[in-house]
Amino acid sequence: MKIGDHWDDATLYKVVELLHEYQNLFPTKFLDLKGIIDDLGIMKITLMLDTKPIKQRHYLNPKYKEKVC
């Protein structure tokens with residue numbers, strides 16, 4: 001599914017024109033993001049040393065389950 005699947009041609013044209021008009025507001029590179037800390041892309045999870053990891057079943061969306069399994 002794409003963003004324009006539910007829009008008629010006139011609405012889609014208006015949105016595309018709007019995005020082209022204001023394209024300078026949408027950064028295309030991570031380095032172009034202003035006000036973002038450099039290490040934002042690094043994720044750290046602090047674990048407690050005395051605990052065991054919890055095992056959980058993998059979740060599979062029911063509507064895709066038939067197609068995958």
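List the number of the failed condition for residue 21; all other conditions in (1) open to solvent by less than 100 Å² (accessible area, probe 1.4 Å); (2) at pLDDT 85 or above hold.
Going through the list (1) open to solvent by less than 100 Å² (accessible area, probe 1.4 Å); (2) at pLDDT 85 or above, residue 21 breaks only (1).
Yes or no: region 42-59 includes at least one residue that is of a type outside the set (Ser, Thr, Tyr), under 24 Å from the mean Cα position of the chain (by Cα) and either open to solvent by less than 90 Å² (accessible area, probe 1.4 Å) or modelled with pLDDT of 85 or more (or both).
No: region 42-59 contains no residue that is of a type outside the set (Ser, Thr, Tyr), under 24 Å from the mean Cα position of the chain (by Cα) and either open to solvent by less than 90 Å² (accessible area, probe 1.4 Å) or modelled with pLDDT of 85 or more (or both).
Report yes if some residue within region 60-67 is modelled with pLDDT under 80, touching a helix residue (DSSP H, G or I) at 6+ places or on another chain (Cβ under 9 Å) and assigned to a helix (DSSP H, G or I); otherwise report no.
Within region 60-67 (the criterion being modelled with pLDDT under 80, touching a helix residue (DSSP H, G or I) at 6+ places or on another chain (Cβ under 9 Å) and assigned to a helix (DSSP H, G or I)), the answer is no, since none of the residues qualifies.
So which pairs qualify, if the first residue must be in region 7-21 and free of Cβ contacts under 8 Å to residues at least 24 places away in the same chain, the second must be open to solvent by less than 100 Å² (accessible area, probe 1.4 Å) and in a helix (DSSP H, G or I), the Cβ gap must be under 8 Å, and the two must be at least 6 apart or on different chains?
So the pair list comes out as 7/15; 12/4; 15/4.
Starting from residues that are at pLDDT below 75 and not in a helix (DSSP H, G or I), keep the ones in region 24-41 and report whichever is most open to solvent (accessible area, probe 1.4 Å).
Initial filter on region 24-41 (at pLDDT below 75): 30-41.
Cutting the leftovers down to not in a helix (DSSP H, G or I) gives us 33-37.
On the way: 33: 67, 34: 186, 35: 83, 36: 69, 37: 117 Å².
This residue is 34.
The values are calculated or read from the model by the stated rules, or taken from the named source; none is laboratory data. As the structure is a prediction and not an experimental result, all values here were calculated from the model. We place every Cβ from the backbone using ideal geometry, glycine too, and count neighbours over all the protein chains shown. Remember, those area values only see protein heavy atoms, side chains included, never the ligands or the DNA or RNA. Shrake-Rupley method; radii C 1.70, N 1.55, O 1.52, S 1.80 Å.
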